[in-house]
1. Within the stretch 105-117, can one find any residue that is out of contact with any helix residue (DSSP H, G or I) (no Cβ under 9 Å at 6 or more places or on another chain), free of Cβ contacts under 8 Å to residues at least 40 places away in the same chain and within 20 Å of Leu32 (Cβ to Cβ)?
2. Can you pull out every residue in the stretch 147-170 that is at pLDDT below 90 and closer than 18 Å to Gln45 by Cα?
3. Condition (residue is within 19 Å of the chain's Cα centre (by Cα), among the basic types (Lys, Arg) and within 16 Å of Asn46 (Cα to Cα)) applied to the stretch 278-286: is it met by at least one residue?
4. Can you tell me which residue in the stretch 31-54 is farthest from Ala204 (Cα to Cα), limited to those that are assigned to a strand (DSSP E or B) and among the aliphatic types (A, V, I, L, M)?
5. Counting only residues that are modelled with pLDDT of 95 or more and closer than 20 Å to Ile40 by Cβ, which one in the stretch 104-122 is surrounded by the most Cβ atoms within 10 Å (Cβ to Cβ)?
6. Applying the selection to the stretch 23-60, what residues are surrounded by 16 or more Cβ atoms within 10 Å (Cβ to Cβ) and free of Cβ contacts under 8 Å to residues at least 24 places away in the same chain?
7. Pairs under 6 Å by beta carbon, first residue assigned to a helix (DSSP H, G or I) in the stretch 83-94, partner of a type in the set (D, E, K, R) and surrounded by fewer than 17 Cβ atoms within 10 Å (Cβ to Cβ), six or more apart or different chains?
8. Would you tally the residues in the stretch 49-65 being modelled with pLDDT of 95 or more and of a type in the set (Lys, Arg)?
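The values are calculated or read from the model by the stated rules, or taken from the named source; none is laboratory data. Here the structure is a predicted model, which means the values were calculated and not measured. For neighbour counting, all protein chains shown are included, and Cβ atoms are generated from backbone atoms with ideal geometry for every residue, glycine included.
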Amino acid sequence: MLLIKNDNTDPAFNLACEEYLLCTVKEPTFTLWQNKRSIIVGKNQNTLNEIDLQYVKENDISVIRRLTGGGAVFHDLGNINYTYIEPSQSGNFNNYSYFTNDLIDYLKTLNVNAELSGRNDLLIDGKKFCGNAQCIKNNNIMHHGCILYSADLSTLTNALKVNPAKIQSKGIKSVSSRVTNVIDHMKNKLSAFDFLNGFESFVAQRHGYTPIYLSEAEKAEIQALADSKYSSWDWNFGNSPDYNFKACKKFDFGLIEIYLEIENGIITKAKIGGDFFGKKDIFIIENEIIGKKHAINELTKALEKYKIDEYISGCSNATLLTLLIN
């Protein structure tokens, strides 16, 4: 088992590092990392719907899209991010309990009681402090989480825009009322640096990880990916459509946003976004419905060979078809 040491705080580099490891490692791998101030949006999200663009620009906050689904999160040096990678044949995709156990048990050693709740959130006293997401690529599962340890919650609240449907569905009034920092629940408060090192030591001791430092050649390859992909407008913002048919609905499995360009009754462009998770890429479904009539019978036939649950976990074919039409 490998423990990758990475003290880089550039968000584009760190997201590229995750992809590099996901595509290259051959054995279970763990890494802890931090980003300077940034918003990390989910793979399927419309970036401009998730951020206060003016605030983000005025406050020099980077905006980067990640490989996994789920919602947008705020990072700063009060956040601690963790990533697990293991072979997909382990069967642990969508097993959030398996991957969050280490963090929950580490917090217990600090007299902090946390629990897994809903799809992918870790809570302390009913408030979220860590979101988690997963993806599969190159026969590996990647699971990562973002821990609010001593983050600037004021900047988080100002930088993120949250769809009202998500807030209403949780019976709460605002983002700030549902999140918390771990440090606020600790009697013996540690610095973020000490918390990170303590968590790393806990995981290493439990699993017997071998510390590994990235070579200069690996860093150069990761930086090239950071420059070409994770620093590009096309990747970070280009997936943000403005089409003439829109539908949006919040479900237990996540928010789904439908954007279609329809000309003379034919779908010419399609984007299915949201904070949902999925085992397979949703663009396959988007491409399938392009060129089809915007009619229930034709779309039903087009999608009958697919299991939509593989692309939007928890969603049935009938549910997606209803959104595509209504």
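1. yes
2. To start, the set of residues in the stretch 147-170 that are at pLDDT below 90 comprises 161-170.
If the condition is that a residue be at pLDDT below 90 and closer than 18 Å to Gln45 by Cα, then Lys161, Val162, Asn163, Pro164, Ala165, Lys166, Ile167 are the ones that fit.
3. No.
4. The residue in question is Ile51.
5. Ranking the qualifying residues of the stretch 104-122, first place goes to Leu122.
6. Those that are surrounded by 16 or more Cβ atoms within 10 Å (Cβ to Cβ) and free of Cβ contacts under 8 Å to residues at least 24 places away in the same chain: none in the stretch 23-60.
7. Listed by first residue and then by second, the contacts come to nothing, as the list is empty.
8. Of the residues in that region, 1 qualify.
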